[in-house]
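I have placed the structure first, in the form of structure tokens, so that the comments after it can refer back to it.
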């Protein structure tokens, strides 16, 4: 109490000024419609701004869970696409869909927990591993396009060799013409890769889509890789094509691991055929 009295005595003029100023403002706003409207609009604007900031903060804090939910929903939708299934018996029109088709590709959603783009041999890590069904040599894609291939797996995590690794080559094709070649990264720009083995008699145009060829047991056919930005050939029979990658690896947060349920059967058949 003594400290309070000392404080009031020390700042009594300021306190009186604030009290009188408050009383004056109340009288003005109570007796003048214009000031009342001004005060109402000011308080409404301030309240609206504060509420919008609170909503934005709450929305930001909930983004992680929202992204997780969207990722699981996209996983479910990808797994229900017809392109993920393979016809297993003839005369499909005469039987039920569930018995005529078998799911070939299963998509496993994952969060990227480590990534690099500024090295020659970049690697990534995701938060899904062996207990989630992830195995080495599975393909990995994003919502935009191809990401890479699973290299190593533990129980709960996996490492990925991304497109941005000079040791990785991906079988790719030109969507418009169907001609296929090999795509690799030259270690320079993280936004572009190089496509080779396309003969120079093929008509190319900037903007042509480059997709997965489907000629491996890793990626389904037609997954987006990027678009043609430039091409050249220097006395040879094949183009050197610059491809603008669809996946922005510098902003990659989520991905899907692709399980090809026919992979082992296909590899076994290829090995037998190779021995013959």
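The values are calculated or read from the model by the stated rules, or taken from the named source; none is laboratory data. Note that this is a predicted model, so its numbers are computed, not measured. Cβ sites come from the backbone with ideal geometry, for glycine too, and all protein chains shown count toward neighbours.
Some notes on this structure:
- Count - residues of the stretch 208-239 that are in contact with a helix residue (DSSP H, G or I) (Cβ under 9 Å, 6 or more places away or on another chain) and within 11 Å of residue 175 (Cβ to Cβ): 2
- The stretch 154-193, residues that are out of contact with any strand residue (DSSP E or B) (no Cβ under 6 Å at 6 or more places or on another chain), buried (at least 22 other Cβ atoms within 10 Å of the Cβ) and assigned to a strand (DSSP E or B): 174
- The number of residues in the stretch 242-259 that are outside any loop (DSSP other than H, G, I, E, B) and within 21 Å of the chain's Cα centre (by Cα) comes to 12.
- For residue 256, the conditions (1) at pLDDT 90 or above; (2) farther than 19 Å from residue 137 by Cβ; (3) touching a helix residue (DSSP H, G or I) at 6+ places or on another chain (Cβ under 7 Å) are fulfilled apart from (2).
- Condition met for residue 109 (more than 22 Å from the chain's Cα centre (by Cα) and not in a loop (DSSP other than H, G, I, E, B)): no
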